[in-house]
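**Student:** Let me begin by handing over the structure; questions about it come next.
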Amino acid sequence: MVSRLPPLTALRAFDAAARHMSFARAAAELNVTPAALSFQIKSLEEHLGTALFRRMNRMVELTDAGRALAPDARTGFEILTRGWRAAQRTQDRQSLTVTAGPAFTAKWLAPRLFDFAQEHPEIELRFSASLHLVDFARDDVDVAVRFGHGPYPDLYALPLADEWVTPVMVPELAARYPDPVDLRNAVLITDESMDFLDPPADWAAWSVAMGVPPLKPAGPRFSQADHAVDAALAGMGVVLGRRALVIKDLAEGRLIAPYQTALPTGAGFSFICPMGAEDRPQIAAFRDWMLREIDKTAHIADAMTILKRASRT
């Protein structure tokens, strides 16, 4: 039995035909004639010493040998494609693909992106608002911004800022609820996207840390943090706003944090990329810009009194 691998072009022809179960469609995908594709598969069968397809009128089907080869051939070409794209990205100095959660994209990135574009017109930015786990070897992504506890093994992960939550509301409501105990009469908005935190960073935890009777929100509940913040901006009620998602609205006066007290979340946003890629020019430029943007509102964070959590029994 011959152990050496056959030509890559023949394997590629087989993979396409096995996926489409059609020589004609496989030939169209590879931009070759059906006769050329059939020749490549025939040479592969001669190399193996057995048929890979049964040819029938207007259709083909895999033989036992074909079914044995097809899954690994497909996986092999997927790996090669992934590796080639990764190699291409190392040479790219003009484009940057960033993924971040929908809330962070809407409330932190989008309002600031014009400034980055003005500062770096040479960089073409692409964004994917998604919470799915990133595989930098598989996905066409350069940077991920993720909220959580970490860790992120074998990756470059830079914590962006300490995250906390604090009650925020429009100025009219801030005048109506000058004292934390007044919130028992307020519409309390719930951001369910933080339900995964342990210990919790919810209304009950904030009120206990403040030393006021536990608040029991009966207002609207949102699965996405940006929707909860938008409800507060519309004057619907009071939300426990996450630092990164409300700090621009606080800085510009659209929202008020009247009590100047915040509950730490124990989690935070991190700037994540493959180890060693952090020094690529466009990635370093984006990271440094984010850190400068965070510094612009640091005075608001510095003015907050960070509450201590009650010890758990």
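**Student:** Rounded, prolate or oblate for segment 8-90? Axes are the square roots of the Cα gyration tensor eigenvalues, ordered a ≥ b ≥ c, and the cut-off for rounded is a/c under 1.5.
**Tutor:** The shape class here is prolate.
**Student:** Can you check what the Kirkwood hydrodynamic radius comes to for segment 221-286, Cα pairs only, in Å to one decimal?
**Tutor:** Numbers: mean 1/r = 0.0695 Å⁻¹.
Result for segment 221-286 stands at 14.4 Å.
**Student:** Which listed residue (47, 90, 7) has the Cα farthest towards the positive end of the charge dipole for segment 1-122, taking +1 on Lys and Arg C-beta and -1 on Asp and Glu C-beta about the Cα centre?
**Tutor:** Farthest along the dipole direction, towards plus: 47.
**Student:** With +1 on each Lys and Arg Cβ and -1 on each Asp and Glu Cβ, and nothing else charged, work out how big the dipole of the chain is about its Cα centre, in Debye to the nearest 20.
**Tutor:** Values: 34 positive and 38 negative charges, 171 e Å.
Here the chain has a charge dipole of around 820 debye.
**Student:** Rounded if a/c is under 1.5, else prolate if a/b beats b/c, else oblate: with a ≥ b ≥ c from the C-alpha gyration tensor eigenvalues square-rooted, which is segment 103-249?
**Tutor:** Verdict is prolate for segment 103-249.
**Student:** Find the Cα radius of gyration of segment 203-313, compare it with 2.2 N^0.38 Å by division, and give the number to two decimals.
**Tutor:** Dividing the Cα Rg of segment 203-313 by 2.2 N^0.38 Å gives 1.28.
**Student:** Would you mind telling me the antiparallel percentage of the DSSP bridges in the chain, rounded to 5? Working shown, then result.
**Tutor:** Working: 21 of 36 bridges.
The antiparallel proportion sits near 60 percent.
**Student:** Check the straight Cα-Cα distances from residue 248 and name the aspartates and glutamates below 16 Å, setting aside those fewer than 8 residues away within the same chain.
**Tutor:** By straight Cα distance, residue 248 reaches 115, 162, 163, 226, 230, 293, 295, 302.
**Student:** Within 10 Å, count the other beta carbons around each residue, average over each peptide in 25-33, 138-146, and list them highest first. Numbers along the way, then the final one.
**Tutor:** Working: 25-33: 16.2, 138-146: 19.3.
Going from most to least packed, we get 138-146, 25-33.
**Student:** Let me check I've understood the local charge: for residue 229, count other residues with C-beta under 12 angstrom from its C-beta, Lys and Arg +1, Asp and Glu -1. What total comes out?
**Tutor:** Charge balance near residue 229 sits at +1.
**Student:** Hey, any idea what the orientation-averaged projected area of the convex hull of the chain's Cα atoms comes to, in nm²?
**Tutor:** Approximately 23.3 nm², given one-decimal rounding.
**Student:** How do 249-258, 15-24 rank on mean C-beta neighbours within 10 Å, highest first?
**Tutor:** Values: 249-258: 16.8, 15-24: 18.8.
Ranking, from highest mean packing down: 15-24, 249-258.
Every number in this text was worked out from the coordinates using simple rules, so none of it is lab data. Note that this is a predicted model, so its numbers are computed, not measured. All Cβ positions, glycine included, derive from the backbone under ideal geometry; neighbour counts span all protein chains shown.
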